[in-house]
Ligand SMILES: [Zn+2]
């Protein structure tokens, strides 16, 4: 009998080279891939939007956003993904699809998207300048504040973008991108960020 | 062109896909061939205000009914399709 | 200080940095200029008057303007792969090592063989393209077109790939302002102070607009000081962005503006990691157009002689660049403003030869200027220019009253008044309106949210520019919801304005309206005589205004001349439609990052990098890169590799990554009812744990897509689509859910990226699977029958989905694991399958096996075929409504002679069948009347050891055994083929069920 293992591999495993990239000097853009997360799409059933939100609140202790927002709680982030639907992003299986199935039984349909996306966290002085090359939405701090979220497109690819809590006084933008597009968009991101200088890394921890 | 998605806010045209006139209603199963023929093929070519379907595929995936002036491209109203999100329709 | 031999450089003044000399080459000769120069100003400083040859007649041409409206001074900038033709010397910023070459001259600028075109001028008159080269058609391609290209034309493209990068970006603001002259700066100050987010675009590399050349006093300060203060104030505002070297070139619906930023055009090569140009899409609530006005020429014989220059341009060269275009200057003006050039010339210590003023009166101030300067004021018009080797030599003047005079000068400044830059305000099919008092078109309304201010709005006085700009900026900010304190308005006096319209001076010799396209006044008159009187016809017939300058200096003069010859007024004659871009924009900027391997986004399958390691050859299918085949050492071509892969599957076991299929989770209590409506066959009746092949139609009865859909739970189906239609089917299903059937409780999600899916096929499939799947799982025919679908546990505990479906006709399963395990699955299949000779196969082998099995795919689901055409008519349920049901029953879609899918093979087993070949009955002449269909899909079948195919042929299924001709005019082939059952391989299906 063959002896084989089930190695898990991020869609950015090959493309991501940790370290500096592009223009030398202080990096204007910091890119961190967050690996191995649980992501569940929750879609309220007809007439059950209220029940779905109540179920989310009972389980997670926070109201699921009904408008394009992201809500962070201790061990998960709930991100609006469309009308009457949201993502639950977490680590370690506590809010995996199996764990959430009973929570939303009867109120919402769940779809496991844990492997369908790559998650990239973007920060740095020039994060907005770089994102302006990819995103058509206005990321001015007065418009896209902490907790703002958007279902939008970058490079003709659907993405979910939200602003997490600031880190070291700097805005942090989180980007969920479809896994099969991830490498392509990654190269586009690097191309866009190169002039600002980039520092690249990956992490197992959600911000 | 920019469309104000009732769910996402104002977005650029590239996130949307155009379908066409929102007026024709799919006939009932027993409506007969002529009614279906009208539904599938016959369209008014309106110079002025028209209600049309657009899909926010590059965003929230909602189908939208957009009221647009074909002469000026002015958009005067955008509303979600009846069954967008978890809206309860009919019985 | 270093001046080189810049003989025409003034010793003092100008906005140039004399401590920063720059060397450059023009037509192979070395020159020096200074930082702050444009190429044009550096050429002026070096006494270069002849800078190019004209488009049709190869007439020598000089620099006419000092801005982006320049028609003549076009050069090839840079060399090699960076050579950029038709670059305006008047806007090209000088840099160290700049290389430029004049255009349209052969062999050299001073001696041009093609200038004999002037002798053949009659054939180059208006409409010459239409008149001369109409017949015979083939002469056009072979003779005329290449000859014209050689004789007439603009610069040469580099011919090789552009080595530089371009990118695109979005910007958002409350107020975008085009132009940083007095009106633009005032607008920016008002809007910025009120708290608005402002973007100020200036195409020049220095802010200030006409103030840079004409100066003035604002708020009691010299213009330069006021500009410095304004710029400092704006720079300190965090939400004001000043974009130099950026032209706002277009306005689009919904307050979206296009701008091109020449980020690094002022450097020989962009710094590492930087782009050459950036295309901006600016989303703004309001726009203030402060783009100024363009001084217009007067059309007279010899007006294209080098040394004839716009009066305002002459002031720019003298005041801004401290470069003197001439020593002894004559001025021809019809307005008060032109006189400023005489003042400038005198102040710079140049001689004024004469002022020729077309107006009946000249102000006392100017009369005293003339007497102090010792030059005559001639009332009349320039009727001819005598050209010497160095350009303008002598000017003939037709004096009011009929007498003539001659003026000796080496430069002639011309001012015919000013045309507001009405481009941006007119781009939404706006028509500017005529204002008699300034004899110019001004904006008449503008696209929503836009307003013109200052000279762009016909307000030519400095005070008026500041006032209009400030008020427009304040109003724009207010409309955008900003209400901060705007402070006080900058104040300046207004200059006197007086103008007597004059467009064209009759005379002998060519008088040019459009210098870039060599359109003369007589061309306009000829067009009128030949009936092309509408301005749109005039434009196309004469090509007036169709060059790269879009007629910025010529359009109004052209229509004024047309108005005169038709006896209409200028407003009655009207303007042509204005269209963006305002200045030429490089295609590279529109493409941005999307070139070469980044032409479009690509999608990679979960096993992509493993396949690459295996040496797979990849094929682009839509956005995907898919493994097409896996060549092995010693294989001589793709066919050998593919044939090996097929044989390996049919005799043993192989696997293929099929993750590219669209995958959709269909959830909800009404999921079954929903699928019943979108598929022609029933899915509500499908048992949990089973898969079924489904076919979707469009509402017009034509087949849309197909795929297998499995029921994983009572309220959960897993639907698959073809690779090509994945996104479109999702959109269609959402339309069905949200628009057509909103009463159904169903939820849809794409899970295409969630699952890595592999097809495992061949008689040894079970042997291989047993190695991968937990031994507790029953894979027997009873435990996992054909079309079974359920979750299984793998060895190691991982959960997977297993589907017993077959596209190859072999015993086969498809197995899905979460995508991040996709690569591990490929490796494990190789490892586990080693004893069974497992073979990875690509899309070609997949295609071969589906053709052998008679399965339809993209070439048959081609947007014209019905379920019946594909042999799937019996799947159409008669017990339910579904999309396309009614229209599928239409007569034309059900007639018996439709082209239907049939198997096809050449009668000569050695012959290669080609897709696209037409089916012609034996003995009939090939042609549309005898065309009965065509070959859609072909492959070499290793099983049959010959080429086989599928076709769409009239009554094909009824004609099994008939021999017809495959006629292939594209490849020059014609051969006999036989119709056969489309299922070439295992027609009973025993293998896939075994
Ligand atoms: Zn939306």
### Message
Looking at the structure I just gave you, is residue C:691 surrounded by fewer than 19 Cβ atoms within 10 Å (Cβ to Cβ) and more than 14 Å from chain A (Cβ to nearest Cβ)?
### Response
no
### Task
Among the strands (runs of 3 or more DSSP E) lying completely within segment A:105-207, list those that include at least 3 residues that are away from the ligand (no atom under 16 Å from the Cβ).
A:108-112, A:117-123, A:172-178, A:198-203
### Summary
The residue that is nearest to the other protein chains (Cβ to nearest Cβ), considering only those in segment A:73-95 that are in a strand (DSSP E or B) and within 15 Å of the ligand (Cβ to nearest atom), is A:82
### Summary
Wholly inside segment C:755-864, strands (runs of 3 or more DSSP E) that include 1 or more residues that are surrounded by 20 or more Cβ atoms within 10 Å (Cβ to Cβ) and within 11 Å of another protein chain (Cβ to nearest Cβ) are C:755-761, C:799-803, C:812-818
### Query
Does any residue in segment B:46-61 that is under 16 Å from residue B:5 (Cβ atoms) and without any contact (Cβ under 8 Å) to a residue 40 or more places away in the chain come within less than 8 Å, Cβ to Cβ, of a residue that is near the ligand (Cβ under 9 Å from one of its atoms) and not in a loop (DSSP other than H, G, I, E, B) six or more places away or on a different chain, and which pairs are these?
B:53/B:64; B:55/B:64; B:61/A:82; B:61/A:151
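A quick yes/no check of all residues on (1) under 45 Å from the mean Cα position of the chain (by Cα); (2) free of Cβ contacts under 8 Å to residues at least 60 places away in the same chain; (3) more than 27 Å from residue C:840 (Cβ to Cβ); (4) outside the structural domain of residue C:611 (by TED's automatic domain parsing):
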position: C:639; (1), (2), (3), (4): yes, no, no, no
position: C:646; (1), (2), (3), (4): yes, no, no, no
position: C:651; (1), (2), (3), (4): no, no, no, no
position: C:655; (1), (2), (3), (4): yes, no, no, no
position: C:668; (1), (2), (3), (4): yes, no, yes, yes
position: C:672; (1), (2), (3), (4): no, yes, yes, yes
position: C:677; (1), (2), (3), (4): yes, no, yes, yes
### Query
Wholly within segment C:233-279, which strands (runs of 3 or more DSSP E) include no fewer than the required count, namely at least 1 residues that are within 14 Å of chain B (Cβ to nearest Cβ)?
C:246-252, C:256-261
### Query
Does segment B:31-77 hold any residues that are within 15 Å of the ligand (Cβ to nearest atom) and in contact with a helix residue (DSSP H, G or I) (Cβ under 8 Å, 6 or more places away or on another chain), and which are they?
B:53, B:55, B:56, B:57, B:58, B:59, B:61, B:62, B:63
### Query
Would you call residue C:494 within 30 Å of residue C:550 (Cα to Cα) and surrounded by fewer than 21 Cβ atoms within 10 Å (Cβ to Cβ)?
no
### Query
Can you name the residue in segment A:141-175 that is facing another protein chain (nearest Cβ under 8 Å) and free of Cβ contacts under 8 Å to residues at least 12 places away in the same chain and is also nearest to the chain's Cα centre (by Cα) among such residues?
A:156
### Message
Can you tell me which residue is nearest to the chain's Cα centre (by Cα) among those in segment A:1-20 that are crowded, with 17+ Cβ neighbours inside 10 Å and more than 9 Å from every other protein chain (Cβ to nearest Cβ)?
### Response
A:12
### Task
Within segment A:28-36, identify whether any single residue is within 25 Å of residue C:819 (Cα to Cα), out of contact with any strand residue (DSSP E or B) (no Cβ under 8 Å at 6 or more places or on another chain), without any contact (Cβ under 8 Å) to a residue 12 or more places away in the chain and surrounded by fewer than 19 Cβ atoms within 10 Å (Cβ to Cβ), and answer yes or no.
no
### Task
Taking the residues in segment C:551-576 that are free of Cβ contacts under 8 Å to residues at least 40 places away in the same chain and at positive phi as candidates, determine which candidate is surrounded by the most Cβ atoms within 10 Å (Cβ to Cβ).
C:551
### Task
Check segment B:13-25 and report whether any residue there is touching a helix residue (DSSP H, G or I) at 6+ places or on another chain (Cβ under 9 Å), within 16 Å of the ligand (Cβ to nearest atom) and touching a residue at least 60 places away in the same chain (Cβ under 8 Å).
no
### residue B:90 vs. criteria facing another protein chain (nearest Cβ under 8 Å) and in contact with a helix residue (DSSP H, G or I) (Cβ under 9 Å, 6 or more places away or on another chain)
no
### Task
Go through segment C:269-297 and count every residue that is touching a strand residue (DSSP E or B) at 6+ places or on another chain (Cβ under 7 Å) and farther than 26 Å from residue C:416 by Cα.
14
### Task
List the number of the failed condition for residue B:68; all other conditions in (1) without any contact (Cβ under 8 Å) to a residue 40 or more places away in the chain; (2) surrounded by fewer than 17 Cβ atoms within 10 Å (Cβ to Cβ) hold.
(2)
### Query
When segment B:4-57 is examined, which residues are found to be part of a loop (DSSP other than H, G, I, E, B), within 16 Å of the chain's Cα centre (by Cα) and within 14 Å of chain A (Cβ to nearest Cβ)?
B:6, B:7, B:16, B:56, B:57
## Note on the structure
The strands (runs of 3 or more DSSP E) lying entirely within segment C:589-702 that contain at least 2 residues which are touching a strand residue (DSSP E or B) at 6+ places or on another chain (Cβ under 7 Å) and more than 30 Å from residue C:716 (Cβ to Cβ) are C:617-621, C:624-629
### Query
Could you say which residue among C:162, C:174, C:219 is more than 14 Å from chain A (Cβ to nearest Cβ) and under 27 Å from the mean Cα position of the chain (by Cα)?
C:162
### Message
Condition (residue is in a helix (DSSP H, G or I) and surrounded by fewer than 21 Cβ atoms within 10 Å (Cβ to Cβ)) applied to segment C:323-336: is it met by at least one residue?
### Response
no
### Task
Can you tell me which residue within segment B:78-91, out of those that are within 16 Å of the ligand (Cβ to nearest atom) and more than 15 Å from the chain's Cα centre (by Cα), is surrounded by the most Cβ atoms within 10 Å (Cβ to Cβ)?
B:86
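The values are calculated or read from the model by the stated rules, or taken from the named source; none is laboratory data. No experiment lies behind these values; they were computed from the predicted model shown. Cβ atoms come from the backbone with ideal geometry, glycine included; neighbour counts cover every protein chain shown.
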